[in-house]
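First comes the structure, then the notes that go with it.
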Amino acid sequence: MPTSSDASPAAAPFSPEDFRAALGQFTTGVTIVTARDPDGRLIGLTANSFNSVSLSPPLVLWSLARQSSSMPGFLAASHYAINVLAADQRLLAERFARKGIDRFEGTPWRPGLTGAPVIEGAVAVFECSHRSQHDEGDHLIFVGQVEHCRRRLGAAPLVFHGGRFFTDLPI
């Protein structure tokens, strides 16, 4: 009897644009994932593909497009920080989503306990060591072992829904 991995995938009855638009209906937090490559260069990007995996051991995941120019740096880095952005950090999210610029120019950050850059003012920060990577579709999933975390009490989060940032959510 064939298993799901043995069967050939059927053509999707929807376009990639339809899929992306449907995914956009899921409200997510916004993060900036940061690291230092082995040469000490700072790397970082905006990501909303962040999720918890396990409480014991403390594990989180995020994913990165295989064609990303940041991929070599993240693959080579020993640690990274996932900075969950606050509502007042929308401009940082936009800055770290742009290509061809120094994303850290003018960005308030400091070295975290693991050496990865920590963005000042973030709602929460998870400093991680690489635990595993999983190649799926057009992305690589990074699973990180959380070595240190902190949160900022009372700060409102920046969220993303329908292709837009929101800083004030209706209740």
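Annotations for the structure displayed:
- Residue match in the stretch 134-153 (condition: part of a helix (DSSP H, G or I) and either open to solvent by 40 Å² or more (accessible area, probe 1.4 Å) or β-branched (Val, Ile, Thr) (or both)): no
- Among residues of the stretch 111-133, those that are of a type in the set (Val, Ile, Thr) and either within 14 Å of residue 64 (Cβ to Cβ) or outside any strand (DSSP E or B) (or both), counted: 2
- Selection within the stretch 143-158 - more than 13 Å from residue 57 (Cβ to Cβ), small (Gly, Ala, Ser) and at pLDDT 95 or above: none
- Selected residue (criterion: farthest from residue 69 (Cα to Cα)) from residues of the stretch 154-163 that are in contact (Cβ under 8 Å) with a residue 24 or more places away in the chain and either of a type in the set (Ser, Thr, Tyr) or surrounded by fewer than 16 Cβ atoms within 10 Å (Cβ to Cβ) (or both): 156
- Pairs where the first residue, in the stretch 138-151, is of a type outside the set (Gly, Ala, Ser) and the second is assigned to a strand (DSSP E or B) and open to solvent by 80 Å² or more (accessible area, probe 1.4 Å), C-beta under 6 Å, 6+ apart: 140/133; 141/134; 142/133; 143/131; 145/131
- Test: residue in the stretch 19-29 that is more than 30 Å from residue 111 (Cα to Cα), modelled with pLDDT of 80 or more and of a type outside the set (A, V, I, L, M, F, W, C): no
- Qualifying strands (runs of 3 or more DSSP E) (wholly inside the stretch 1-110; at least 1 residues being open to solvent by 60 Å² or more (accessible area, probe 1.4 Å) and touching a residue at least 12 places away in the same chain (Cβ under 8 Å)): 31-36, 50-54
The values are calculated or read from the model by the stated rules, or taken from the named source; none is laboratory data. Just so we're clear, the structure is a prediction, and the values are computed from it rather than from any experiment. Note: ideal-geometry Cβ built from the backbone for every residue, glycine included; neighbour counts use all protein chains shown. Heavy atoms of the whole protein, side chains included, go into the accessibility calculation; ligands, DNA and RNA do not. Shrake-Rupley method; radii C 1.70, N 1.55, O 1.52, S 1.80 Å.
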